[in-house]
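Heads up, the thing below is written out as structure tokens.
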Amino acid sequence: MFLSVVLLPIFLALGFLVEGPVPLLFPFTIFLAGLSVMLYSRIFGEDVAPLKSQPPQPSGLGTMLGRATLPPASNIRMKGVGEQPVRTAELVKPPSVTEHTTKLLDSD
């Protein structure tokens, strides 16, 4: 039915160009087809019950273990107490890809 309303101005302009109501038969036919489908589904269609929202069910994870939260962490270390700083500047530089290839070519 919506499509027939959208097409009506286009075919109405065509009707003025042709000077007759013949082009208006197309949107009228689409409108009747949509109306007949809606009436058929209203008369013979099944009534579908609206979905009811179910209350959320609590998960059984907390009740299984007897506690609702995680235990406190036992391996927390304080920074700066008996700890050496990480030395990232002293990392070995990886060899270049071209160095290995150059060595192979020089040996030939």
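The values are calculated or read from the model by the stated rules, or taken from the named source; none is laboratory data. Quantities reported herein were computed from a predicted structural model and do not represent experimental measurements. Glycine also receives a Cβ, built like all others from the backbone with ideal geometry; neighbour counts cover every protein chain displayed.
Exactly one condition in (1) at pLDDT 75 or above; (2) touching a helix residue (DSSP H, G or I) at 6+ places or on another chain (Cβ under 7 Å) is false for Tyr40; which is it?
(2)
Could you tell me whether Val81 is of a type in the set (Val, Ile, Thr), at pLDDT below 90 and surrounded by 11 or more Cβ atoms within 10 Å (Cβ to Cβ)? If you could, list the steps in order and put the result at the bottom.
Values: of a type in the set (Val, Ile, Thr): yes; at pLDDT below 90: yes; surrounded by 11 or more Cβ atoms within 10 Å (Cβ to Cβ): no.
Criteria not met by Val81.
Which of the residues belonging to the stretch 1-11 are in a helix (DSSP H, G or I), loosely packed, with under 15 Cβ neighbours inside 10 Å and touching a helix residue (DSSP H, G or I) at 6+ places or on another chain (Cβ under 7 Å)? I'd like the intermediate steps shown before the answer.
Applying the first criterion (in a helix (DSSP H, G or I)) to the stretch 1-11 yields 2-11.
Restricting the remaining residues to those that are loosely packed, with under 15 Cβ neighbours inside 10 Å gives 2-3, 5-6, 9-10.
Result: Leu3, single match.
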